[in-house]
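In what follows, a structure is listed as structure tokens, so that the remarks can point back to it.
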Amino acid sequence: MLDTTSRNSEPEHRPYGGIRSKPKRIAVIGAGMAGITCARTLMQAGHDVTVFEKQPEASGRTSVVHSVCGTYDVGAQYFTVRDARFQKALDTVPGLCRAWSVNTVRVLDEAGRVVAAAPPPGERHWVATPAMDALVKTWAQPIIDKGRLVTNTTISAIERDVVSPEQWQLRAQLPDGGNSVHAGFDTVLLAVPAPLAQAIQGEHRTLWEEELAKVEPRPAGR
Ligand SMILES: Cc1cc2nc3c(=O)[nH]c(=O)nc-3n(C[C@H](O)[C@H](O)[C@H](O)COP(=O)(O)OP(=O)(O)OC[C@H]3O[C@@H](n4cnc5c(N)ncnc54)[C@H](O)[C@@H]3O)c2cc1C
């Protein structure tokens, strides 16, 4: 996260009791589960948050594709709940998720007897309904309602704001080949996979490059 510390002494603003300094203008890059969750939390704490997403909708790696053959998951096909904070977040959307049991692969002999089978899952599996993207999209709705989800906008660079150099500005590429600049942010939060974050340019890139180099992406489910 890139942050410019406030230097003036404006009064404290704590609508939810959590914010100790004046509200910040925060840009969140990426509208997957991480970016949307973070943006919601920051908004609830009284900050002025805008989320930038390169795809037409929020959902990231929980997105689905609707085709004539049916709906299928592009990313996560289920999730587990291993953290009390995640359970608390799920409690905000009662009925949206349901338990799901996957049929594990079984090897049968010629007579149809099971000769090998994967062990049953050791913990409960969950899916969102009607499709996997519903969870992030539902959490994104208050951000959309406030007009603070900017879609079809690929952030290509993070720079010092030319008008207000203690702040940050974002350069974006648009689907029609055009560009846009979004300025005036106190803080920029990257909520994209590390390799994609490495692709974001900027004169201050070294600030995040070193940390990102330590990230080792792992296959799903581990
Ligand atoms: C095939 C597959 C199967 C999986 N199965 C499971 C599973 O069974 N269980 C489980 O728990 N997890 C699973 N996962 C992992 C899970 O989906 C991810 O860990 C989780 O969704 C990641 O959320 P995120 O918000 O961190 O990132 P993402 O969902 O990747 O969100 C990042 C967002 O940033 C956007 N973005 C990227 N670059 C830019 C840019 N420059 N400008 C603007 N926007 C940008 C992307 O479009 C995306 O929407 C699976 C993933 C995959 C791919």
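Every number in this text was worked out from the coordinates using simple rules, so none of it is lab data. Being a predicted model, the structure only gives us computed values, none of them experimental. Using ideal geometry, Cβ is built from the backbone for each residue, glycine included, and neighbour counts are taken over all protein chains shown.
Among the residues of the range 181-198 satisfying the criterion of being touching a residue at least 40 places away in the same chain (Cβ under 8 Å) and either loosely packed, with under 12 Cβ neighbours inside 10 Å or more than 16 Å from G30 (Cα to Cα) (or both), which is nearest to the chain's Cα centre (by Cα)?
If we take residues in the range 181-198 being touching a residue at least 40 places away in the same chain (Cβ under 8 Å) and either loosely packed, with under 12 Cβ neighbours inside 10 Å or more than 16 Å from G30 (Cα to Cα) (or both), then D186 is nearest to the chain's Cα centre (by Cα).
Within the range 119-152, can you find the residues that are within 15 Å of the ligand (Cβ to nearest atom), part of a helix (DSSP H, G or I) and of a type outside the set (V, I, T)? Step through it out loud before you land on a result.
Kept after step one, since they are within 15 Å of the ligand (Cβ to nearest atom), are these residues of the range 119-152: 121-128, 131-140, 143-144, 148-152.
Subset that is part of a helix (DSSP H, G or I): 134-140, 143-144.
Answer for the range 119-152, where residues must be within 15 Å of the ligand (Cβ to nearest atom), part of a helix (DSSP H, G or I) and of a type outside the set (V, I, T): A134, L135, K137, W139, A140.
Looking at this structure, is E110 within 16 Å of the ligand (Cβ to nearest atom), of a type in the set (D, E) and either outside any helix (DSSP H, G or I) or in contact with a Leu (Cβ under 9 Å, 6 or more places away or on another chain) (or both)?
Values: within 16 Å of the ligand (Cβ to nearest atom): no; of a type in the set (D, E): yes; either outside any helix (DSSP H, G or I) or in contact with a Leu (Cβ under 9 Å, 6 or more places away or on another chain) (or both): yes.
So E110 fails the test.
If you go through the range 48-76 one residue at a time, how many are farther than 24 Å from L174 by Cβ and touching a His at 6+ places or on another chain (Cβ under 9 Å)? First the steps, then the outcome.
If we filter the range 48-76 for residues that are farther than 24 Å from L174 by Cβ, which is where we start, we get 62, 64, 66-73, 75-76.
Then drop every residue that is not touching a His at 6+ places or on another chain (Cβ under 9 Å), which leaves 72.
Going through the range 48-76 one residue at a time, the tally reaches 1.
Give me the residue from the range 49-91 that is in a helix (DSSP H, G or I) and more than 7 Å from the ligand (Cβ to nearest atom) and, out of that set, nearest to R218 (Cα to Cα).
Of the residues in the range 49-91, the ones in a helix (DSSP H, G or I) are 60-62, 84-90.
Of the ones still in play, those that are also more than 7 Å from the ligand (Cβ to nearest atom) are 84-90.
Details: A84: 23, R85: 23, F86: 21, Q87: 23, K88: 26, A89: 24, L90: 25 Å.
The selected residue is F86.
For the range 35-49, give me each residue that is among the aliphatic types (A, V, I, L, M) and under 21 Å from H182 (Cα atoms).
Step one: filter the range 35-49 for residues among the aliphatic types (A, V, I, L, M), giving 36, 39, 42-43, 45, 49.
Scanning the range 35-49 gives I36, A39, L42, M43, V49.
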